[in-house]
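> Below you'll find the structure I mean.
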Amino acid sequence: MRKSNLAFIAILLSFVFLACQKELSFGNSSFLGNFTATIDSTNWEATTIKEITRQAGTIAITGKSSNGNIIVLRVADSGVHTYGFHNLSASNVAVYTDAASGNTNVFTTNQWDLPGNYGSLQIISIDTVNKVMSGTFSFRAYRQFDSLQHIISNGIFTNIPYTTSNPLPSATDTFRVKVDGTPFTYNSLTGIATGAPLDQIAITALQGTVAPVVGLTLPSSVTTGNYTFEDVASTIIALYNPSETMSLLADSGNIQILEHNTVTKRIRGNFDFKATPLLSDSPKAVLTEGYFSIIYQ
């Protein structure tokens, strides 16, 4: 199957994995910071999530408002610098998700057809002692399948905490899979319910700081049963990133949900899939004998 529509979902997944590992992780910090912008002509403020990860050459800045609208800014780390969001860039991307529309397809700066810069991020300061970051941003985000766009302006974030490491896996959680016949090992295992508008559960097993990584996303309403990764419009997605510069998305495979307890937030299942790059059929990775049991946050 062709995966052009899923490419933009995969971009969003990478942000979920890197930047949204836990809600309100800054809760005990003395640097709560501010994160605001104007979406078209409406004021926006990050309240539910406002955090930054700085790992393995990548800065990912994430904000989520009380009504579920999400802004993500992801750039190749050059420290204090002005970054451009070119429509052909895979490393420097700005993303906007509109909760009010009820559509989970995201608006991004790299879906525009005409070449050019469609915004910028200026990181003004990085306090490496207190681990906080400040800057400004603006961008135009486009959604290719329906040609809609949003203008994000007057973006400011001040003293937002950033992290440089991933949380250790819980002793009660389990994840295993073989990649091309070799058992995949991980040092970080996370599960998070993204909330509206995505309404998905993202499960991430991470071996390094950013890669290799195996990720699964499922609808938050998923029930026990058998599903496939083959439907281009599906919200059941799997990916395997063998390195920081390569992302392989499942183009076939199966997942069996054995348990989903929405009270305890325990979800268990078996899975297998074949993964290839977004726009080609090679290289290929085959993931087999997959199993997970995790309590998501």
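> Go over the candidates 71, 52 one by one and state the one that is more than 21 Å from residue 149 (Cβ to Cβ), β-branched (Val, Ile, Thr) and buried (at least 18 other Cβ atoms within 10 Å of the Cβ).
52
> Based on this model, can you work out whether residue 91 counts as surrounded by fewer than 18 Cβ atoms within 10 Å (Cβ to Cβ), among the hydroxyl-bearing types (Ser, Thr, Tyr) and outside any strand (DSSP E or B)?
So residue 91 fits the description; yes.
> Just wondering, is there one or more residues in segment 56-66 that are more than 14 Å from the chain's Cα centre (by Cα) and not small (Gly, Ala, Ser)?
No, the conditions are met nowhere in segment 56-66.
> Of all residues in segment 273-296, which are over 14 Å from residue 179 (Cβ atoms) and exposed (fewer than 14 other Cβ atoms within 10 Å of the Cβ)?
Hits for segment 273-296 are 279, 280, 281, 282, 295.
> Given the criteria of a type in the set (Gly, Ala, Ser), in the same structural domain as residue 155 (by TED's automatic domain parsing), free of Cβ contacts under 8 Å to residues at least 40 places away in the same chain and not in a loop (DSSP other than H, G, I, E, B), does residue 125 qualify?
It is false that residue 125 is of a type in the set (Gly, Ala, Ser), in the same structural domain as residue 155 (by TED's automatic domain parsing), free of Cβ contacts under 8 Å to residues at least 40 places away in the same chain and not in a loop (DSSP other than H, G, I, E, B).
> Report yes if residue 113 is charged (D, E, K, R) and either surrounded by 15 or more Cβ atoms within 10 Å (Cβ to Cβ) or without any contact (Cβ under 8 Å) to a residue 24 or more places away in the chain (or both), otherwise no.
Judged against the criteria, residue 113 is not a match.
> Filter segment 135-153 for residues that are buried (at least 20 other Cβ atoms within 10 Å of the Cβ) and farther than 16 Å from residue 101 by Cα and give the result.
Passing the criteria: 135, 137, 139, 140, 152.
> Shifting gears a bit: In segment 140-158, which residues are under 19 Å from the mean Cα position of the chain (by Cα) and aromatic (Phe, Trp, Tyr)?
142, the sole residue that qualifies.
> Of (1) more than 19 Å from residue 130 (Cβ to Cβ); (2) modelled with pLDDT under 85; (3) in contact with a Leu (Cβ under 7 Å, 6 or more places away or on another chain), residue 83 satisfies all except one. Which?
With (1) more than 19 Å from residue 130 (Cβ to Cβ); (2) modelled with pLDDT under 85; (3) in contact with a Leu (Cβ under 7 Å, 6 or more places away or on another chain) applied to residue 83, the lone miss is (2).
> Give, as residue ranges, the strands (runs of 3 or more DSSP E) completely inside segment 214-297 that count at least 2 residues that are modelled with pLDDT of 90 or more and in contact with a Leu (Cβ under 7 Å, 6 or more places away or on another chain).
237-243, 266-277, 285-295
> State whether one or more residues within segment 261-272 are surrounded by fewer than 15 Cβ atoms within 10 Å (Cβ to Cβ), of a type in the set (D, E, K, R) and over 29 Å from residue 74 (Cβ atoms).
Among the residues of segment 261-272, not one is surrounded by fewer than 15 Cβ atoms within 10 Å (Cβ to Cβ), of a type in the set (D, E, K, R) and over 29 Å from residue 74 (Cβ atoms), which makes the answer no.
The values are calculated or read from the model by the stated rules, or taken from the named source; none is laboratory data. The shown structure was predicted, so the numbers you read here are calculated from the model rather than taken from an experiment. Note that we place each Cβ from the backbone using ideal geometry, even for glycine, and neighbour counts take in every protein chain shown.
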